[in-house]
1. If you average the sequence gap of Cα pairs under 8 Å that are 6 or more apart and divide by the length of segment 222-295, what percent do you get for the contact order?
2. Just need the Rg to Rh number for segment 28-75, please, alpha carbons only, Kirkwood Rh.
3. Could you work out the local net charge near residue 166, counting Lys and Arg as +1, Asp and Glu as -1, over the other residues with Cβ closer than 14 Å to its Cβ?
4. Can you compute the charge dipole magnitude of segment 114-206 about its Cα centre, using +1 on each Lys and Arg Cβ and -1 on each Asp and Glu Cβ, nothing else charged? Give it in debye, rounded to the nearest 20.
5. Once you list every other residue whose beta carbon is under 15 Å from the beta carbon of residue 45, what net charge do they have if Lys and Arg are +1 and Asp and Glu are -1?
6. Give me 89, 34 ranked fewest to most by other Cβ atoms within 10 Å of their Cβ, as a rough exposure proxy.
7. What are the GluC sites (Glu not before Pro) within segment 194-295 that DSSP puts in a loop, where the Cβ has at most 16 other Cβ atoms within 10 Å?
8. As a test of the formula, what do you get for the chain when each DSSP H run with n ≥ 4 contributes -39,500 (n - 2.57) and the sum is divided by the residue count, at 222 nm and rounded to the nearest 500 deg cm²/dmol?
Amino acid sequence: MKYVKNMLSQSALLAVSIFMVATTSMAAEPWAWKATLDGTGSGRVIDMPTALYIDAERQRYYVVDSGGNRLVSFSKEGNFLLAFTAEEKLQIPYDMIRDNADVIWVVERGRNSLTSINIKAKEILPHIIKDGQKALVPDRLDYKDGIIYVLDKQTGQIALLGSDLTVKNWISCAECPSGIVDFKLTNDGIWALDQLDKKVVQLGADGKLIRQFDIGQKVEFPVSLAIGPAGYVYVLDRHAADIDVFDAQGSFKYTFLTKGWQRGALYYPIEILFDPWGGLCVVEEGNGRVEVFGR
């Protein structure tokens, strides 16, 4: 009887040990590689990707290949579909969105324009966006409820454009004197990233401050942020080539990924975002690809 009890105790200890190892492993590696979008099958690899647009309705990824002057589409599973060059007219594309009218909008740094691409009408029109006499320098884009949100690189503020491309309003972060470098729209407002002051800011739809927190103790050079399904804030560090995770109040949770060239590693990453299928996507300029991670 005593022998049986000892055996049961040993089994219990072994089970606890296995559970602790598994839990530690999960904490250390919360995300695992799922797919790579690199242009294989398109005739040429992606040269210098700068952004990713995710079309939930069509279940497609669109990679903005700045070095190749093209937009490259992939299926939800990561299979190459099409390379679109807009008749070789794109000049250093940087970011893109698609609006409710099925028009593609592309930031072209080669023209300093917000270019509309109407595939059905076979029409490509560059637009220089102005607020009065001042021309904007378009950077990051987003779209919601008929409004195009354009981050102006020169001021670090977000311009809200109507269908006629006039500036209807500005969203500026008073707590970010150096301006912001990335933003994400959510149901409860806007999350923005201040690179120089190393802080994350949450703003209401009216631009008023909801909360802010410092990330400087954990992040070397923040370039992009994303809000996870559980409300955690994911900050992409370009120099350290990793991702730092905080809760919505700014408490640090964990860091994952590392610098490298192999599958699942990062090299000069530039943008991070979540897809609708539970994937975490990281755009890498240095490795010429987009890595998709899943749990």
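Coordinate-derived values only; no laboratory data. Quick caveat, the model's predicted, so the values are computed rather than measured. Please note: Cβ atoms are built from the backbone with ideal geometry, for glycine as well, and neighbour counts cover all protein chains shown.
1. Once normalised by length, the contact order is 22 percent.
2. Radius of gyration over Kirkwood radius for segment 28-75 works out to 1.03.
3. +1
4. 300
5. Cβ neighbours under 15 Å give a net charge of -2.
6. 89, 34
7. Filter output for segment 194-295: 220.
8. The per-residue figure over the chain is -3500 deg cm²/dmol.
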